[in-house]
There are 2 protein chains.
Amino acid sequence: MEQELQNTVLLLERTPAGLNALLRDLPDAWTLRDEGENTWSVFGVIGHLVHLERTDWMTRVKRILEFGETRSFEQVDRSGHVRECEGKSLNRLLDEFARLRAENLDELRGLNLGRKDLERTGRHPALGVVTLSNLLAAWAAHDMTHLHQISRIMAHQYREAVGPWSKFLGVLQCGGHSASA
Amino acid sequence: MEQELQNTVLLLERTPAGLNALLRDLPDAWTLRDEGENTWSVFGVIGHLVHLERTDWMTRVKRILEFGETRSFEQVDRSGHVRECEGKSLNRLLDEFARLRAENLDELRGLNLGRKDLERTGRHPALGVVTLSNLLAAWAAHDMTHLHQISRIMAHQYREAVGPWSKFLGVLQCGGHSASA
């Protein structure tokens, strides 16, 4: 389906509450373990979501509106989540994600974007020309990419424990897919 | 990690609230569309979770405790979700999932399973001998399999809308993995 701004916002505003309900107060065994060398824990993923909420999505929306294709987006700092996580608990990161997302969606609604605005174009440093509509759809799909990753990280912790069931559990067949924003 | 009953229960009890926060009142564009022929919508997935909560997991726990390996589990009816969904809204299915899950976990806690109990064995009609510990770990990992599927179904709806971002969004590279219980 086409990106429909209202549908995008409805999904974006639910993600923090969904992750909060799923993850708050879970023991470290679920949230601090990863899938092996050079992979992220659930804690790291939430730090990444906080980091992009602070630095990326709305900044890019405003850059398109202000500069169009004449000024590229900044690169995403893919290790920005490390600083974002330092000295924080998972619960604190979940709170920050909820607060930043709510502020960003307030700002987005305040822009009163119309259909013509959604066709405006900007420049991604790696992907080239993208529309504002692409950017907003990618924001929502990026939430889903990391929900997909979180479910896989958590299932991985029980890879041995499920015994013969492993071949029936789709998430355990998922090798992961490099993801960026 | 080994299946730890307490950690398993902590995850199992959060799944309904997580799905509820993510999905309740979302428009049909997110919840009724699928990934193409012979694939499920989010609505169908929740129906499947309700169906297994009603017929499968705790029934199998009790069968192991009562019959050990002498009496196989029933086959899962993989189209049981169709009847489960008939005439119901997504919100009603989410309510049923929350209620049935809470009842099942109450019953599970009431069994006061000890380490020796978790080593008891039963017989799966396709997988052969499994332990009670395997079964409980699979219950939790099965939640994650379907969370993984839900995130993929929803991202799929924006496959075109994200434009050039599709190659950076891991969930859009996931071809899916047949999953069962």
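Of all residues being over 15 Å from the mean Cα position of the chain (by Cα) and surrounded by 14 or more Cβ atoms within 10 Å (Cβ to Cβ) in segment B:70-84, which is nearest to B:Leu52 (Cα to Cα)? Just the residue, please.
B:Phe73
Evaluate segment B:144-165: report whether one residue or more is assigned to a helix (DSSP H, G or I), at the interface with chain A (Cβ under 9 Å from one of its Cβ atoms), in contact with a Cys (Cβ under 8 Å, 6 or more places away or on another chain) and under 22 Å from B:Arg54 (Cα atoms).
Yes, segment B:144-165 contains a residue that is assigned to a helix (DSSP H, G or I), at the interface with chain A (Cβ under 9 Å from one of its Cβ atoms), in contact with a Cys (Cβ under 8 Å, 6 or more places away or on another chain) and under 22 Å from B:Arg54 (Cα atoms).
Against the condition at negative phi and at pLDDT 95 or above, how does B:His177 come out, does it pass?
no
In segment B:92-136, what residues are under 19 Å from B:Glu2 (Cα atoms), within 12 Å of another protein chain (Cβ to nearest Cβ) and part of a loop (DSSP other than H, G, I, E, B)?
The answer is B:Glu119, and nothing else.
Mind checking which residues of segment A:3-61 are surrounded by fewer than 18 Cβ atoms within 10 Å (Cβ to Cβ), more than 10 Å from chain B (Cβ to nearest Cβ) and polar (S, T, N, Q)?
A:Asn38, A:Thr39, A:Thr55, A:Thr59
Scan (1) part of a helix (DSSP H, G or I); (2) touching a His at 6+ places or on another chain (Cβ under 9 Å); (3) touching a residue at least 40 places away in the same chain (Cβ under 8 Å) for the single condition B:Gly68 breaks and write down its number.
It fails just one condition, (2).
If you check B:Glu74 against the conditions, is it more than 13 Å from chain A (Cβ to nearest Cβ) and either touching a residue at least 40 places away in the same chain (Cβ under 8 Å) or closer than 22 Å to A:His156 by Cα (or both)?
Yes: the conditions hold for B:Glu74.
What number of residues within segment B:81-91 satisfy the criterion of being assigned to a helix (DSSP H, G or I) and either under 22 Å from B:Asn134 (Cβ atoms) or among the acidic types (Asp, Glu) (or both)?
The qualifying residues number 1.
Just the residues that are surrounded by fewer than 16 Cβ atoms within 10 Å (Cβ to Cβ) and touching a residue at least 60 places away in the same chain (Cβ under 8 Å), please, taken from segment B:87-102.
B:Asn91, B:Ala102 - these are the residues of segment B:87-102 that are surrounded by fewer than 16 Cβ atoms within 10 Å (Cβ to Cβ) and touching a residue at least 60 places away in the same chain (Cβ under 8 Å).
The values are calculated or read from the model by the stated rules, or taken from the named source; none is laboratory data. A quick note: this is a predicted structure, and the numbers were derived from the prediction, not measured. So basically every Cβ, Gly included, is an ideal-geometry build from the backbone, and we count neighbours across all protein chains shown.
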